[in-house]
Amino acid sequence: SLIQDIDKKHLVLLRDGRTLIGYLRSIDQFANLVLHQTVERIHVGKKYGDIPRGIFVVRGENVVLLGEIDLEKESDTPLQQVSIEEILEEQRVEQQAKQESEKLKVQALKERGLSVPRADTLDEY
């Protein structure tokens, strides 16, 4: 039952792609969650950084995955923890590179006479 998960450390993957790690304080039948001592974990390549977020309330509809963290295995990771500043900079660089490659793709398609629907107009239907 979910009651046994209370006060255990969990990882939550959100619909917008963010990853939260915290202690599950409360959960209801809609998977609405309350986490405490929460961090937002950002992964870039083999590095990760944790941003402290404190108490976090998550609406169930935004939860993609919820899983208990095995505290004994938690430190067995090939990933390297870095400072918040470093991981945010790595993330910025990665997103910039993604945008550049998207631009190049769109440009290449245009040159072939194809158009691409803009991502920001896709949600209108």
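Observations on the structure shown:
- Within the chain, helix-based [θ] at 222 nm, where runs of 4 or more DSSP H residues each add -39,500 (n - 2.57), nearest 500: -8000 deg cm²/dmol
- For the range 17-24, 3J(HN,Hα) per residue [Karplus equation, 6.51 cos²θ - 1.76 cosθ + 1.60, θ = phi - 60°, Hz, x = Gly/Pro]: x, 6, 10, 10, 10, x, 8, 5
- Among the GluC sites (Glu not before Pro) in the range 19-73, those placed in a DSSP loop whose Cβ has at most 12 other Cβ atoms within 10 Å are 72.
- The chain: C-alpha gyration tensor shape, a/c 1.5 cut-off, then a/b vs b/c: oblate
- The Cβ shell under 15 Å around residue 73 holds other residues with a net charge of -3, Lys and Arg each +1, Asp and Glu each -1.
- Whole-angstrom gap from the range 55-78 to the range 1-47, using each part's C-alpha centre: 4 Å
- The equivalent ellipsoid of the range 1-42 has semi-axes of 18, 12, 7 Å, largest first, where each one is the square root of 5 times an eigenvalue of the Cα gyration tensor.
- Sparse packing (at most 13 other Cβ atoms within 10 Å of the Cβ) combined with a DSSP loop state is found for the following trypsin sites (Lys or Arg not before Pro) in the range 64-123: 73, 112, 118.
- The simple spin-label model puts a point 7 Å past each Cα toward its Cβ; for residue 102 and residue 77 those points are separated by 2.6 nm.
- For residue 87, the shell of other residues with beta-carbons less than 11 Å away shows a net charge of -4, using +1 for Lys and Arg and -1 for Asp and Glu.
- Counting Lys and Arg as +1 and Asp and Glu as -1 over every other residue whose Cβ lies under 14 Å from the Cβ of residue 42, the net charge comes to -2.
None of the figures in this text is laboratory data; all of them are computed from the coordinates on show. For clarity, every value in this text was computed on a predicted model and none was experimentally measured. When we count neighbours, we look across all protein chains shown, and the Cβ atoms used for this are built from the backbone with ideal geometry, even at glycine.
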